[in-house]
Every structure is written in structure tokens, then in C-alpha cells.
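The values are calculated or read from the model by the stated rules, or taken from the named source; none is laboratory data. These numbers were taken from a predicted model, which means no experiment stands behind them. Quick reminder, even Gly has a Cβ in these numbers, built from the backbone with ideal geometry, and neighbours come from all protein chains shown. For the accessible areas, the whole protein counts, side chains as well, though only heavy atoms, and no ligand, DNA or RNA atoms are used. Shrake-Rupley method; radii C 1.70, N 1.55, O 1.52, S 1.80 Å.
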Amino acid sequence: MIAKNITKLIDEAIIPAMFLILAKMSGLFFASYFLNLEFEIKNNSFLKILPSLTYANITDYIKAENYSNLAMFLVASLGTAFVIVRAHFFHASHIHPKLHARLVSLNLESFVSSTYHLYHQAAIWLIFLWLTCAFLIISTIIGVTYPQISVIAAITTINFSWILAVDIEKEIELIQEI
Amino acid sequence: MKKNYISSITLNFLATIILVVLIALPFYFAKNISKVAGIKSETPFLVVSQVDKFPQMFFGQEGNRYEISFTNQFPSQAYLAVIIINNPTNEAKSYNLQTSNGSTKVFFGEDYQNPITQIKAPAGSSIPVGILSESTPNSLQTVEFTIETK
């Protein structure tokens, strides 16, 4: 009844969403811990059930936000990079025969992914990467995130999208050859 | 067959909403999980005295009990904007003036012909409070009142 693509996208979106939330939380925690930032945990203040962190002053808040946003972006980048590496080197449609044979001999054939699985995963990670980049740019505009982080994020996002586009192009060429 | 078609559209629509929520969730979380402590005013109102603009008028306060004394000049006299009440909160507040018994009344606004003792003040707004006195000229008048918030 439900389109297979939507079910697959929901399935692929759960883990990245969890990773991004964890990255944000870890970023806040480590920034507060290592930089000795003054904060207070307020219960039931976020969505009326979850606790939120309230920083004593704007300087501490900006520091914590910058490090946690950077952690979030790093996780989104790593996830996308992982999918890109799989799409380039472990893609079932164009994996190098020698590498494939080696993976089979090492009993690591599960590393090889189908186009269907890879492109759904890539779509989700790219959406998260672009949204994180947009989030950082908006945060920079309102004066919270340092502009350097947003610039790096934009460059990384554009490059990752381009690398994935190259892989999609290669895939289209292969289909046309067949 | 038609029933299946409708349920299929509904299910796909709901699945799309779940997907959108799932994608938006980390950013909503990232935006709201941390805050900076602001100056949070617990005071439901601020009273600004304007009595120095009126001759021989004095203003006193003890807790939430306010006292204004003055010398009446005419048998019936109104003093407008003697004090200003400001709502410093982020929401509308209703204020109620409770005046002690006497010939002098305290009211909100500047319409002395229609004195009101209850008003709803929008967030951040200021409301003038006036005095309406009816007594013999040159007599010393004292009015005591409290301001209650709803």
C-alpha cells in the first residue's frame, strides 16, 4: 500500500536522525565540560518533557552552540562520506572485479551494496547534509555560529554533492550501455 | 477498489509526513535544546509614579499597598496619569484596582466620566491611572489602593 521508496527512505532516515541528535548533545556536553561553561539543566522545558540547557551568558552559549553545531556537521559529513565511498568503491554495478573477489574471499561481501540501497541512503544523508549546512548559514546570519564554520560546511556540502553526482552519472552511463 | 485507492493515498501521505518529521526532528532539537538565560521578570506590573508633576501630591508604597495624598482644590476634581502601570511580561495581563472606602476613586485610563477599575493590558503596554476626588476644597485627601493581577 505504501510506496516502497517512501518506506525505504523512512528506514534510512532513522539512524542519521539519531546520530545528528546524539552529535548535538555530545557537542554541547563536551564543549561545556572541557571549556568549563556555566550552564543549568532545566527539566521539562523542551517540548514540555525533555530537559534543556540554559547557559548563564551569551558568550558561553555561543561557544557551546558553535562546537555542537560543528559536531553535528561533522557527523553529517562523515555519514555522507561513508555513503560516497561505498557508492564509488563498493557499488554492485561497478565494483572492480579484483576488489569484489577479495571481499568474497574475506567473507565481506556484505560491503557491496545495490544501487537501490545506496541511492536511498545517499539521498537521506545528502538531505541531512544540506539541511545542516542551511542550519549553520541561518545560525551565522543571526550571529550565533562563526562564519568560518558555515563557509567550510558550504564548500564540503557542494563537493560531496558533486562527487555523488559523478557516481550517478557513471551509473546512468552503465545503464545506457546495457 | 475505490476504497483501496483512498486508503493508499492516505497511507502514503502519512508516510511522507513521518519522513518529513524524521528529517526535521534533529534540526528542531538542535535549535531548542540550548538557550541563554535572559532577564526574566517575575513582576506582573511596574508602577511609575508621576506625582511630582502635580503640586502638593505625595506617593507612598508598602508592599502592594499604594497611597497617594493631595490637597483638594475644587469640590470635584480629576487628576489624570498620576501613576503609570506597565506590563513588563510577554503576555497580556488583567489588572484590578481595589480602592479603600472613601470619596476618592482610582481608575484606569483617562476617561474620568467613565472610571474603570479593571483592565486588560497587552504585553509591554503602559496604562495611566487617574484619581477622581469629590470633597470640600482645600481638604487633605488620602487614597489607598492595591493592584491585583489576574
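Things to note:
- With the whole protein complex present, B:ASP111 retains an accessible surface near 80 Å², based on a 1.4 Å probe.
- For peptide A:102-108, the mean count of partner chain Cβ atoms within 10 Å of a residue's Cβ comes to 0.
- Buried accessible area, chains A and B (both chains, 1.4 Å probe, Å² to nearest 100): 2600
- Surface/4 estimate of mean projected area, convex hull on alpha-carbon atoms of the protein assembly as shown, nm²: 29.4
- Simple point charges give the picture: +1 on the Cβ of Lys and Arg, -1 on the Cβ of Asp and Glu, and for the stretch B:46-149 a dipole about the Cα centre of about 80 debye.
- In the stretch B:1-101, GluC sites (Glu not before Pro) in a DSSP loop with at most 16 other beta-carbon atoms within 10 Å: B:GLU42, B:GLU91
- Annotation: lysines with alpha-carbon distance below 25 angstrom to B:LYS35 (same-chain offsets under eight excluded): A:LYS24, A:LYS42, A:LYS48, A:LYS63.
- Test item: A:138-145 mean partner chain Cβ contacts at 10 Å: 1
- Counting only other chain Cβ atoms within 10 Å of each residue's Cβ, the peptide B:14-26 averages 6.
- Computed over protein heavy atoms with a 1.4 Å probe, the carbon and sulfur contribution to the accessible area of chain A reaches 70%.
- Using the Stokes-Einstein relation with a Kirkwood hydrodynamic radius computed over Cα pairs, the translational diffusion coefficient of the stretch B:46-149 at 4 °C and a viscosity of 1.567 mPa s comes to 94 µm²/s.
- Placing a label point 7 Å from the Cα of B:PHE13 along the Cα-to-Cβ direction, the residues of the stretch A:1-41 whose backbone N falls under 17 Å of that point are A:1-3.
- Highest to lowest packing among A:65-75, B:120-130, scored as the average C-beta count within 10 Å: A:65-75, B:120-130
- The mean accessible area for residues of the stretch A:35-178, using a 1.4 Å probe and ignoring ligands and nucleic acids, is 58 Å² per residue.
- Expressed as a whole percent, the accessible surface of the stretch B:46-149 that belongs to carbon and sulfur atoms is 47, based on a 1.4 Å probe.
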